[in-house]
Amino acid sequence: MPRIKAQFSFSIINDSLNVGQILLLILSLVGGIALFLYGMRVMSQGVLKLSGSRIRSSLRDIKPQFLPCFGLGAWMTALIQSSSAATVMTVGMVNAGLLTVAQSIAVIMGANVGTTITAWSLALFGYAFPIGIYAIPLVVLALPFTYSSKITRKPWGEILMGAAIMILGFTTFIGMVPEADQQSTLWIVTQTLDSWGYGGVMITFLLGLCITIALQSSSATILCAMAFCAAGWISFPLAIGWMMGDNVGTSLTAVFAAKRTSVNGRRAAYAHLWFNIFGLVWALPLVYPIDEWLTPGHMPAVGLAFACAAFHTLYNLITAALLIGFIPYIERLLTRAFPVREEDDEEFHLNFIQGGPLSTAELSVEEARKESVTFGRRCQKMFGITDEFVHMPINGEQHSHTFSRIEKYEKITDRIELEIVRYLNHLDRSSISARINERIRSLFKICDELESIGDSCYHIARAVVRKRDNKIEFSSAQQANIDKMIAFTHRDINLMLELMEKRDLQAADLQQAEAYENEVNSFRNELREENIKNVQEGIYSYQSGTIYMDIVSECERLCDFVINIVQALDEQSTRHFLS
């Protein structure tokens, strides 16, 4: 199908276009970009729903060498057709502990190369073999999958529908960009920029940078640069500046996304920024030699489009080749630039969850799982402080200070639960698998029980404060029993954290946790009977016995929350899912 050309041009000086025509042209161009972006988003979501588990298994099994990581980045970006999304996802992987910083640098290098597939696709299907005629048939093919009752078929509908909308978008945009008019204001402006040499290149660099940040898509920026270059509005050197701005803009998107991540997430994001700045440093002085090499003499539109794709690929390949051997040194520089600070652990902060869910539910749930493990460790530390508080001398400022710390921890556990649940509630559940739904339900339950563990620690501390206020001293037998119950609780919490780290529980894991729980219950019942007898015989006062049993019972309740967490972990195990 021949490319549909606009029937008007930007001849604003001689008023060949009225205001309505200019507005129509601008809206058509913006609409084409919007369709392109929306189609790419829909298609990417479909691909991620089909390949999310494969990506995760690839991440689990990835080798530490940099070339496999580079290949993973290229493959992942070629699948989702967006280096911005791939880089943000990579930062999330580092944040979730799935990748090391060194591995993420190699993955990001691969992502920059993988995104060049988009430029070649635009050149091939937008200019050499226009395929706009196939957009509507693709919509028809997508409908049976989209409205299928089987959830496993819906992603195929999204892929086909997204591809159709994307094709319609970029062919509309390319078709609506008119041939350059030497009488127009825009032509005069671009020729002036071209006459400024490297100054003009830097201006288009900034333009590409701003467009990429605004649209959150490197592919859309490449489409703009390619279309305007092929139509003759900007020269190839200006298009090179535009594309280099696109690369740096993509890395800034990741930097913005990493502001709320862990230090390793920020290191990965800045590695991408440094990578593209290095590319700018070596390529900028060679803009005009590259122009002479890739576009000798006058070239038709299709030739300029392929020249843009070729530059984009060579730029990223050469930059990666120059830097891949220096990844260990880059990691050291990043470690120095972003050191791990001794943060006050008693302040609220999330380590793994970013500002919003990742584009695939698989990885978003993995981030939430990692955050729940950190939540569990915080509860473990809180119980350790509570243990110290139980044995601490009641006189002095240290006693009141420690109680204030426990109060602060209790408030933090409330906030962490709220943030994790809020994060999970923002996931798009329209077509995620039953397996992921089960993991989400399990995480809701786990977070609720972890928050209850924080409450129990606080209640134990309150009982100790009542003991102090009433000037009660426990007998050696009472204190020994409390110590034994606290030891049981430490043991149960340690087992809980060990099982939370595992991805699938076995029947033996659940049996061990239940055995621990039964032992705690039996010991609590034994102490309850013994306490009644001791109070009746006057061995210690009723008030002493009440506070004593409050501490014992709260430890037993805490162990109940632990077994609830283990059971929630067991419910999402593969052995149940496949049965």
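Points worth noting:
- For residue 237, the conditions (1) crowded, with 24+ Cβ neighbours inside 10 Å; (2) of a type outside the set (Phe, Trp, Tyr); (3) in a helix (DSSP H, G or I) are fulfilled apart from (1).
- The set of residues in the stretch 115-130 being hydrophobic (A, V, I, L, M, F, W, C) and assigned to a helix (DSSP H, G or I) consists of 117, 119, 120, 122, 123, 124, 125, 128.
- Cross-chain or 6+ apart pairs with Cβ under 9 Å, the stretch 285-302 first and farther than 25 Å from residue 126 by Cβ, then open to solvent by 30 Å² or more (accessible area, probe 1.4 Å) and assigned to a helix (DSSP H, G or I): 285/198; 288/198
- Number of residues in the stretch 217-234 that are assigned to a loop (DSSP other than H, G, I, E, B) and surrounded by fewer than 24 Cβ atoms within 10 Å (Cβ to Cβ) equals 3.
- So residue 277, is it under 16 Å from residue 33 (Cβ atoms), surrounded by fewer than 24 Cβ atoms within 10 Å (Cβ to Cβ) and either in contact with a Gly (Cβ under 7 Å, 6 or more places away or on another chain) or at pLDDT 85 or above (or both): no
- Look at the stretch 425-444: where a residue is at pLDDT 75 or above and a partner is hydrophobic (A, V, I, L, M, F, W, C) and not in a helix (DSSP H, G or I), sitting 6+ places away or on another chain with Cβ atoms under 8 Å, you get 440/427.
The values are calculated or read from the model by the stated rules, or taken from the named source; none is laboratory data. Keep in mind it's a predicted model, so treat the numbers as computed, not measured. Virtual Cβ from ideal backbone geometry, glycine too; neighbours counted across all protein chains shown. Note: areas computed on protein heavy atoms with side chains; ligands, DNA, RNA excluded. Shrake-Rupley method; radii C 1.70, N 1.55, O 1.52, S 1.80 Å.
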